[in-house]
Amino acid sequence: MVIYLDNAATTWPKPKSVTEAMMECMELYGANPGRGGHRMSVQASRILFETRVNLAKLFHIQNPNDIAFALNTTAALNLAIRGFVKKGDHVILTSVEHNSVRRPIEYLRRTMGVQITYVNADKQGNVTPKQVEEALRPNTSLVVVNHSSNLLGTILPVGEIGEVCRKHHVKLLVDAAQSAGTILIDVEAMSIDMLAFPGHKGLLGPQGTGGLYVHPSIELEPFMLGGTGSQSESIEQPSIRPDKYESGTQNTVGIAGLNAGLKYIQNEGVQNIHNKEWLLTQRLLEGLERIDKVRTYGPPPGMNRTAIVAFNIQGIDSARVAYMLDRHYDIAVRAGYHCTPLAHETAGTSELGAVRASPGYFTTDDEIDALIAAVQEISRHI
(Lines give C-alpha, C1' and ligand atoms only; values in the text may rest on other atoms or scores of the structure.)
Protein backbone atom coordinates (compact mmCIF):
# COMPACT_ATOMS: atom_id res chain seq x y z
CA MET A 1 0.00 0.00 0.00
CA VAL A 2 1.36 3.42 -0.99
CA ILE A 3 1.99 6.00 1.70
CA TYR A 4 0.48 9.10 0.10
CA LEU A 5 2.18 12.37 1.09
CA ASP A 6 1.27 14.58 -1.87
CA ASN A 7 -1.87 16.18 -0.47
CA ALA A 8 -0.73 19.69 -1.43
CA ALA A 9 -1.31 18.63 -5.05
CA THR A 10 -4.53 16.65 -4.49
CA THR A 11 -5.87 15.18 -1.28
CA TRP A 12 -6.20 11.41 -1.15
CA PRO A 13 -7.97 9.34 -0.07
CA LYS A 14 -11.32 11.10 -0.14
CA PRO A 15 -14.06 10.49 2.43
CA LYS A 16 -16.27 7.60 1.35
CA SER A 17 -19.22 9.99 1.24
CA VAL A 18 -17.58 11.89 -1.64
CA THR A 19 -17.49 8.81 -3.86
CA GLU A 20 -21.02 7.86 -2.85
CA ALA A 21 -22.36 11.34 -3.70
CA MET A 22 -20.74 11.24 -7.13
CA MET A 23 -22.12 7.78 -7.88
CA GLU A 24 -25.59 8.86 -6.72
CA CYS A 25 -25.46 11.83 -9.07
CA MET A 26 -24.41 9.69 -12.01
CA GLU A 27 -27.02 7.04 -11.34
CA LEU A 28 -30.03 9.12 -10.25
CA TYR A 29 -29.90 12.69 -11.57
CA GLY A 30 -26.97 13.03 -13.97
CA ALA A 31 -28.70 15.61 -16.17
CA ASN A 32 -27.82 19.18 -17.10
CA PRO A 33 -28.43 21.71 -14.33
CA GLY A 34 -30.38 24.81 -15.35
CA ARG A 35 -31.09 23.46 -18.81
CA GLY A 36 -34.48 21.87 -18.31
CA GLY A 37 -37.59 21.76 -16.17
CA HIS A 38 -37.71 17.99 -15.64
CA ARG A 39 -37.03 16.54 -12.21
CA MET A 40 -33.50 15.31 -12.97
CA SER A 41 -32.41 18.72 -14.21
CA VAL A 42 -34.02 20.39 -11.21
CA GLN A 43 -32.22 18.03 -8.82
CA ALA A 44 -28.90 18.72 -10.56
CA SER A 45 -29.54 22.46 -10.13
CA ARG A 46 -30.35 21.93 -6.48
CA ILE A 47 -27.05 20.18 -5.78
CA LEU A 48 -25.15 23.08 -7.36
CA PHE A 49 -26.99 25.59 -5.22
CA GLU A 50 -26.59 23.51 -2.07
CA THR A 51 -22.84 23.37 -2.71
CA ARG A 52 -22.73 27.16 -3.12
CA VAL A 53 -24.58 27.50 0.19
CA ASN A 54 -22.10 25.22 1.95
CA LEU A 55 -19.16 27.11 0.45
CA ALA A 56 -20.73 30.37 1.59
CA LYS A 57 -21.04 29.01 5.13
CA LEU A 58 -17.42 27.87 5.13
CA PHE A 59 -16.00 31.17 3.90
CA HIS A 60 -18.60 33.46 5.58
CA ILE A 61 -19.92 34.74 2.25
CA GLN A 62 -23.27 36.53 2.48
CA ASN A 63 -24.67 35.62 -0.95
CA PRO A 64 -23.98 32.11 -2.34
CA ASN A 65 -24.55 33.44 -5.87
CA ASP A 66 -21.34 35.47 -5.55
CA ILE A 67 -19.50 32.15 -5.92
CA ALA A 68 -18.73 30.99 -9.47
CA PHE A 69 -17.64 27.40 -10.04
CA ALA A 70 -14.40 26.79 -11.95
CA LEU A 71 -12.33 23.80 -13.04
CA ASN A 72 -9.64 24.55 -10.46
CA THR A 73 -7.84 27.39 -8.68
CA THR A 74 -5.89 28.25 -11.83
CA ALA A 75 -9.08 28.86 -13.81
CA ALA A 76 -10.52 30.90 -10.95
CA LEU A 77 -7.38 33.05 -10.70
CA ASN A 78 -7.37 33.68 -14.45
CA LEU A 79 -11.02 34.77 -14.30
CA ALA A 80 -10.23 37.14 -11.43
CA ILE A 81 -7.02 38.61 -12.83
CA ARG A 82 -7.88 38.88 -16.50
CA GLY A 83 -11.43 39.93 -15.74
CA PHE A 84 -10.42 42.72 -13.36
CA VAL A 85 -7.04 44.23 -14.29
CA LYS A 86 -7.12 47.03 -16.88
CA LYS A 87 -4.55 48.80 -19.02
CA GLY A 88 -2.55 51.25 -16.94
CA ASP A 89 -3.15 49.39 -13.67
CA HIS A 90 -0.48 48.54 -11.11
CA VAL A 91 -0.63 45.14 -9.40
CA ILE A 92 1.23 43.95 -6.31
CA LEU A 93 2.33 40.31 -5.89
CA THR A 94 4.61 38.55 -3.45
CA SER A 95 7.79 36.65 -4.22
CA VAL A 96 6.19 33.35 -3.20
CA GLU A 97 3.33 33.33 -5.72
CA HIS A 98 2.40 30.33 -7.86
CA ASN A 99 2.66 30.45 -11.65
CA SER A 100 -1.15 30.50 -11.74
CA VAL A 101 -0.84 34.08 -10.50
CA ARG A 102 2.47 35.12 -11.98
CA ARG A 103 1.89 33.97 -15.56
CA PRO A 104 -1.46 35.69 -16.22
CA ILE A 105 -0.22 38.94 -14.67
CA GLU A 106 3.06 38.84 -16.57
CA TYR A 107 0.99 38.21 -19.70
CA LEU A 108 -0.94 41.41 -18.97
CA ARG A 109 2.36 43.24 -18.52
CA ARG A 110 3.46 42.13 -21.99
CA THR A 111 0.16 42.71 -23.77
CA MET A 112 -1.34 45.67 -21.90
CA GLY A 113 1.54 47.40 -20.17
CA VAL A 114 0.28 46.53 -16.69
CA GLN A 115 2.81 47.47 -14.00
CA ILE A 116 3.89 44.89 -11.42
CA THR A 117 5.65 45.10 -8.06
CA TYR A 118 6.91 41.94 -6.38
CA VAL A 119 7.07 42.28 -2.60
CA ASN A 120 10.03 40.22 -1.41
CA ALA A 121 9.34 37.63 1.26
CA ASP A 122 12.09 36.53 3.65
CA LYS A 123 13.65 33.09 3.25
CA GLN A 124 10.88 31.51 5.31
CA GLY A 125 8.25 33.03 3.03
CA ASN A 126 6.98 35.78 5.33
CA VAL A 127 5.56 39.07 4.02
CA THR A 128 4.40 41.92 6.24
CA PRO A 129 1.41 44.23 5.69
CA LYS A 130 3.83 47.16 5.90
CA GLN A 131 5.72 45.87 2.86
CA VAL A 132 2.48 45.73 0.90
CA GLU A 133 1.51 49.23 1.99
CA GLU A 134 4.90 50.64 0.99
CA ALA A 135 4.53 49.11 -2.49
CA LEU A 136 1.21 50.86 -3.19
CA ARG A 137 1.03 53.45 -5.97
CA PRO A 138 -1.74 55.84 -7.03
CA ASN A 139 -2.69 53.44 -9.86
CA THR A 140 -2.56 50.23 -7.78
CA SER A 141 -5.81 48.37 -8.43
CA LEU A 142 -5.11 44.89 -7.09
CA VAL A 143 -3.01 43.04 -4.53
CA VAL A 144 -2.67 39.28 -5.03
CA VAL A 145 -1.35 37.01 -2.27
CA ASN A 146 -1.45 33.32 -1.59
CA HIS A 147 -2.82 32.44 1.82
CA SER A 148 -0.15 29.78 2.19
CA SER A 149 2.90 29.02 0.07
CA ASN A 150 2.72 25.71 -1.78
CA LEU A 151 6.47 25.29 -1.27
CA LEU A 152 7.18 26.66 2.19
CA GLY A 153 3.87 26.24 3.99
CA THR A 154 4.08 29.80 5.29
CA ILE A 155 0.75 31.36 6.24
CA LEU A 156 0.56 35.02 5.24
CA PRO A 157 -1.30 37.61 7.38
CA VAL A 158 -4.15 37.93 4.90
CA GLY A 159 -6.47 39.72 7.30
CA GLU A 160 -3.92 42.45 8.05
CA ILE A 161 -3.06 42.81 4.37
CA GLY A 162 -6.79 43.08 3.73
CA GLU A 163 -7.00 45.98 6.19
CA VAL A 164 -4.25 47.79 4.26
CA CYS A 165 -6.07 47.21 0.97
CA ARG A 166 -9.41 48.37 2.35
CA LYS A 167 -7.80 51.51 3.83
CA HIS A 168 -6.35 52.47 0.45
CA HIS A 169 -9.37 51.36 -1.65
CA VAL A 170 -7.39 48.60 -3.40
CA LYS A 171 -8.90 45.19 -4.08
CA LEU A 172 -7.45 42.01 -2.57
CA LEU A 173 -7.39 38.66 -4.40
CA VAL A 174 -6.41 35.66 -2.26
CA ASP A 175 -5.13 32.37 -3.67
CA ALA A 176 -6.49 29.81 -1.19
CA ALA A 177 -5.12 26.75 -2.99
CA GLN A 178 -3.32 25.55 0.15
CA SER A 179 -5.66 26.91 2.82
CA ALA A 180 -9.30 26.34 1.84
CA GLY A 181 -10.66 23.68 4.18
CA THR A 182 -7.64 23.63 6.50
CA ILE A 183 -7.44 27.26 7.71
CA LEU A 184 -10.37 29.36 8.86
CA ILE A 185 -11.32 31.92 6.18
CA ASP A 186 -13.81 34.75 6.69
CA VAL A 187 -13.98 36.95 3.59
CA GLU A 188 -15.75 39.75 5.46
CA ALA A 189 -13.53 39.83 8.54
CA MET A 190 -10.36 39.47 6.41
CA SER A 191 -11.44 42.09 3.82
CA ILE A 192 -11.05 39.62 0.94
CA ASP A 193 -12.56 40.92 -2.30
CA MET A 194 -11.94 37.80 -4.38
CA LEU A 195 -11.11 34.29 -3.18
CA ALA A 196 -9.89 31.58 -5.56
CA PHE A 197 -10.07 28.04 -4.20
CA PRO A 198 -9.70 24.41 -5.34
CA GLY A 199 -12.20 21.66 -4.71
CA HIS A 200 -9.69 18.82 -4.94
CA LYS A 201 -7.32 19.75 -2.13
CA GLY A 202 -8.36 20.76 1.39
CA LEU A 203 -12.07 20.71 0.50
CA LEU A 204 -11.72 16.94 -0.14
CA GLY A 205 -13.64 16.98 -3.42
CA PRO A 206 -12.61 15.51 -6.78
CA GLN A 207 -10.34 17.04 -9.40
CA GLY A 208 -11.97 19.39 -11.88
CA THR A 209 -13.71 21.41 -9.17
CA GLY A 210 -13.03 24.80 -7.59
CA GLY A 211 -14.36 28.30 -7.67
CA LEU A 212 -14.07 32.04 -7.24
CA TYR A 213 -15.81 34.31 -4.79
CA VAL A 214 -16.36 37.81 -6.19
CA HIS A 215 -17.43 40.63 -3.87
CA PRO A 216 -20.72 42.21 -5.00
CA SER A 217 -18.94 45.54 -5.60
CA ILE A 218 -16.78 43.95 -8.33
CA GLU A 219 -17.87 43.23 -11.90
CA LEU A 220 -15.45 41.06 -13.85
CA GLU A 221 -15.25 40.66 -17.59
CA PRO A 222 -16.30 37.03 -18.18
CA PHE A 223 -13.49 34.71 -19.23
CA MET A 224 -15.87 32.71 -21.45
CA LEU A 225 -19.11 33.57 -23.21
CA GLY A 226 -21.82 31.16 -24.26
CA GLY A 227 -24.67 29.03 -23.05
CA THR A 228 -25.77 29.63 -19.48
CA GLY A 229 -29.28 28.22 -19.50
CA SER A 230 -30.62 31.71 -18.72
CA GLN A 231 -31.58 34.70 -20.88
CA SER A 232 -31.06 32.54 -23.97
CA GLU A 233 -32.96 35.05 -26.12
CA SER A 234 -30.26 37.69 -25.56
CA ILE A 235 -27.14 38.10 -27.68
CA GLU A 236 -25.33 39.36 -24.59
CA GLN A 237 -23.93 37.31 -21.73
CA PRO A 238 -26.33 37.43 -18.74
CA SER A 239 -25.42 40.01 -16.12
CA ILE A 240 -26.85 38.00 -13.24
CA ARG A 241 -24.60 35.93 -10.97
CA PRO A 242 -23.37 33.28 -11.07
CA ASP A 243 -24.52 32.81 -14.71
CA LYS A 244 -22.31 35.66 -15.91
CA TYR A 245 -19.19 33.64 -15.05
CA GLU A 246 -20.41 30.08 -15.73
CA SER A 247 -20.85 29.38 -19.44
CA GLY A 248 -21.41 25.78 -20.45
CA THR A 249 -22.47 22.68 -18.57
CA GLN A 250 -21.01 22.52 -15.08
CA ASN A 251 -19.23 19.50 -13.60
CA THR A 252 -22.32 18.39 -11.69
CA VAL A 253 -20.89 15.02 -10.71
CA GLY A 254 -17.71 16.61 -9.37
CA ILE A 255 -19.62 19.36 -7.58
CA ALA A 256 -21.83 16.73 -5.92
CA GLY A 257 -18.62 15.16 -4.62
CA LEU A 258 -17.34 18.56 -3.52
CA ASN A 259 -20.58 19.13 -1.61
CA ALA A 260 -20.02 15.87 0.27
CA GLY A 261 -16.47 16.96 1.05
CA LEU A 262 -17.76 20.25 2.44
CA LYS A 263 -20.24 18.43 4.66
CA TYR A 264 -17.43 16.23 5.95
CA ILE A 265 -15.34 19.30 6.79
CA GLN A 266 -18.29 20.98 8.53
CA ASN A 267 -18.72 17.88 10.67
CA GLU A 268 -15.03 17.57 11.55
CA GLY A 269 -14.35 21.30 11.98
CA VAL A 270 -11.72 23.30 10.06
CA GLN A 271 -9.73 24.11 13.20
CA ASN A 272 -9.64 20.44 14.21
CA ILE A 273 -8.40 19.51 10.75
CA HIS A 274 -5.71 22.20 10.91
CA ASN A 275 -4.61 21.11 14.38
CA LYS A 276 -4.20 17.47 13.36
CA GLU A 277 -2.28 18.35 10.19
CA TRP A 278 -0.08 20.75 12.18
CA LEU A 279 0.89 18.00 14.63
CA LEU A 280 1.76 15.66 11.76
CA THR A 281 3.82 18.42 10.14
CA GLN A 282 5.70 19.12 13.37
CA ARG A 283 6.47 15.42 13.76
CA LEU A 284 7.85 15.34 10.22
CA LEU A 285 9.87 18.55 10.59
CA GLU A 286 11.45 17.48 13.86
CA GLY A 287 12.29 14.04 12.47
CA LEU A 288 13.89 15.38 9.30
CA GLU A 289 15.90 18.02 11.14
CA ARG A 290 17.55 15.27 13.21
CA ILE A 291 19.12 13.88 10.02
CA ASP A 292 22.53 15.49 9.39
CA LYS A 293 22.41 15.74 5.60
CA VAL A 294 18.83 17.02 5.40
CA ARG A 295 17.81 20.65 5.14
CA THR A 296 14.21 21.79 5.52
CA TYR A 297 12.65 25.05 4.31
CA GLY A 298 9.94 27.37 5.55
CA PRO A 299 8.93 28.21 9.14
CA PRO A 300 10.89 26.28 11.79
CA PRO A 301 9.33 23.74 14.16
CA GLY A 302 6.82 25.28 16.53
CA MET A 303 5.65 27.96 14.11
CA ASN A 304 2.21 27.91 12.53
CA ARG A 305 2.14 26.64 8.94
CA THR A 306 0.15 24.45 6.61
CA ALA A 307 0.93 20.76 6.15
CA ILE A 308 3.77 21.26 3.67
CA VAL A 309 7.39 20.32 4.31
CA ALA A 310 9.98 20.99 1.63
CA PHE A 311 13.44 19.50 2.09
CA ASN A 312 16.61 18.38 0.33
CA ILE A 313 19.22 15.74 1.06
CA GLN A 314 22.74 17.08 0.57
CA GLY A 315 24.43 15.58 -2.47
CA ILE A 316 21.38 14.11 -4.22
CA ASP A 317 18.93 15.63 -6.66
CA SER A 318 15.40 16.16 -5.35
CA ALA A 319 13.88 14.24 -8.28
CA ARG A 320 16.14 11.28 -7.47
CA VAL A 321 15.02 11.32 -3.85
CA ALA A 322 11.36 11.33 -4.84
CA TYR A 323 11.99 8.48 -7.30
CA MET A 324 13.70 6.38 -4.64
CA LEU A 325 10.94 7.03 -2.12
CA ASP A 326 8.35 5.91 -4.66
CA ARG A 327 10.10 2.87 -6.07
CA HIS A 328 11.86 1.50 -2.98
CA TYR A 329 9.67 2.66 -0.10
CA ASP A 330 6.19 3.07 -1.64
CA ILE A 331 6.03 6.68 -0.48
CA ALA A 332 4.48 9.27 -2.80
CA VAL A 333 5.92 12.80 -2.58
CA ARG A 334 6.58 15.51 -5.16
CA ALA A 335 9.91 16.94 -6.29
CA GLY A 336 11.11 19.75 -8.52
CA TYR A 337 9.89 23.34 -8.71
CA HIS A 338 6.18 22.91 -7.87
CA CYS A 339 5.10 25.58 -10.40
CA THR A 340 6.54 28.29 -8.15
CA PRO A 341 10.01 29.39 -9.28
CA LEU A 342 9.52 32.67 -7.41
CA ALA A 343 9.27 30.82 -4.10
CA HIS A 344 12.40 28.82 -4.95
CA GLU A 345 14.29 32.05 -5.60
CA THR A 346 13.06 33.30 -2.22
CA ALA A 347 14.09 30.10 -0.41
CA GLY A 348 17.42 29.83 -2.24
CA THR A 349 16.58 26.53 -3.92
CA SER A 350 16.48 27.63 -7.55
CA GLU A 351 19.37 25.34 -8.46
CA LEU A 352 18.10 22.36 -6.47
CA GLY A 353 14.34 22.32 -6.49
CA ALA A 354 13.02 20.51 -3.44
CA VAL A 355 11.27 17.38 -2.26
CA ARG A 356 7.82 18.27 -0.94
CA ALA A 357 6.01 16.04 1.53
CA SER A 358 2.48 17.11 2.36
CA PRO A 359 0.51 15.15 4.96
CA GLY A 360 -3.26 15.22 4.98
CA TYR A 361 -6.07 14.71 7.44
CA PHE A 362 -5.97 10.94 6.92
CA THR A 363 -2.19 10.61 7.31
CA THR A 364 -1.01 8.64 10.34
CA ASP A 365 1.96 9.05 12.68
CA ASP A 366 3.30 5.71 11.43
CA GLU A 367 3.33 6.99 7.85
CA ILE A 368 5.25 10.09 8.91
CA ASP A 369 7.75 7.91 10.76
CA ALA A 370 8.13 5.70 7.69
CA LEU A 371 9.12 8.72 5.58
CA ILE A 372 11.62 9.91 8.19
CA ALA A 373 13.18 6.43 8.34
CA ALA A 374 13.36 6.21 4.54
CA VAL A 375 15.02 9.62 4.21
CA GLN A 376 17.51 8.67 6.91
CA GLU A 377 18.37 5.44 5.09
CA ILE A 378 18.77 7.23 1.75
CA SER A 379 21.03 9.88 3.31
CA ARG A 380 23.29 7.19 4.78
CA HIS A 381 24.00 5.69 1.37
CA ILE A 382 25.03 8.85 -0.47
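The values are calculated or read from the model by the stated rules, or taken from the named source; none is laboratory data. Only a predicted model underlies this, so the values are computations on that prediction, with no experimental measurement involved. Note that we place each Cβ from the backbone using ideal geometry, even for glycine, and neighbour counts take in every protein chain shown. Remember, those area values only see protein heavy atoms, side chains included, never the ligands or the DNA or RNA. Shrake-Rupley method; radii C 1.70, N 1.55, O 1.52, S 1.80 Å.
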Label point distance in nm, residue 266-residue 369, each placed 7 Å from Cα along Cα→Cβ
3.8
Cα centroid of the range 26-44 to Cα centroid of the range 330-363, whole Å:
41
Using only Cα atoms, tell me the angle between helix 73-84 and the longest principal axis of the chain; keep it within 0 to 90° and round to the nearest 10.
50
Find the accessible area per residue for the range 30-182; the probe is 1.4 Å, ligands and nucleic acids are left out, and the unit is Å².
41
Quick one: work out Rg over Rh on the C-alpha atoms of the chain, Rh as Kirkwood radius.
0.98
How about residue 167: which lysines have a C-alpha closer than 25 Å to its C-alpha, ignoring those fewer than 8 places off in the same chain?
86, 87, 130
Charge dipole (debye, nearest 20) of the range 256-339; +1 at Cβ of Lys and Arg, -1 at Cβ of Asp and Glu:
60
For the chain, what is the calculated [θ] at 222 nm in deg cm²/dmol (nearest 500), taking -39500 (n - 2.57) for each run of four or more DSSP H residues and dividing by its residue count?
-12500 deg cm²/dmol
What is the magnitude of the charge dipole of the chain about its Cα centre, with +1 placed on the Cβ of each Lys and Arg, -1 on the Cβ of each Asp and Glu, and no other charges, expressed in debye to the nearest 20?
480
Estimated distance in nm for a label pair at residue 63 and residue 275, the labels positioned 7 Å out from Cα along Cα-to-Cβ
3.7
Show log10 I(q)/I(0) for the range 237-382 at q = 0.11, 0.12, 0.15, 0.20 Å⁻¹, two decimals, from a solvent-free Debye sum over equal Cα scatterers.
-0.55, -0.62, -0.84, -1.18
Where is the GNM fluctuation largest for the chain (alpha-carbon springs, 10 angstrom cutoff): 357, 307, 347?
347
Given the C-alpha centroids of the range 88-107 and the range 150-227, what is the distance between them in whole angstrom?
15
Treat every Asp and Glu Cβ in the range 91-173 as -1 and every Lys and Arg Cβ as +1, leave all other atoms uncharged, and give the resulting dipole magnitude about the Cα centre to the nearest 20 debye.
260
Percent antiparallel among DSSP beta bridges with both residues in the chain, to the nearest 5?
50
Please list, in order along the range 161-166, the HN-Hα scalar couplings obtained from phi with the Karplus expression 6.51 cos²θ - 1.76 cosθ + 1.60 (θ = phi - 60°), rounded to whole Hz, x for Gly and Pro.
5, x, 4, 4, 5, 5
Relative contact order of the range 72-143, pairs being alpha-carbon contacts under 8 Å that are 6 or more residues apart, as %:
41
Relative contact order %, the chain, counting alpha carbon pairs below 8 Å whose residues are six or more apart
24
The percentage of the accessible area of the range 249-349 (probe 1.4 Å, all protein chains present) made up of carbon and sulfur atoms, to the nearest whole number, is 46
Tell me which lysines have Cα within less than 30 Å of residue 201's Cα, excluding those fewer than 8 residues away on the same chain?
14, 16, 57, 123, 171, 244, 263, 276
If you count only protein heavy atoms and use a 1.4 Å probe, how large is the accessible surface of residue 12, to the nearest 10 Å²?
120
How high is the relative contact order of the range 290-372, in percent, with contacts defined as C-alpha pairs under 8 Å that are six or more residues apart?
30
In degrees between 0 and 90, to the nearest 10, how far off the longest principal axis of the chain does helix 99-112 point, with axes built from Cα atoms?
60
Computed over the range 93-210, Kirkwood Rh from alpha-carbon pairs, angstrom:
14.7
Heavy-atom accessible area with a 1.4 angstrom probe orders 137, 102, most exposed first, as 137, 102
Positive-end extreme of charge dipole, the chain - chosen from 172, 191, 209 (charges on Cβ):
172
Dipole check, the chain, charges on Cβ (K,R +1; D,E -1), about Cα centroid: among 90, 265, 313 the Cα furthest to the positive pole belongs to 90
On C-alpha positions alone, give me the angle between the axis of helix 252-268 and the longest principal axis of the chain, in degrees, nearest 10.
60
Let me check the size of the range 43-147 from its C-alpha atoms; what are the radius of gyration and Dmax in Å?
16.3, 50
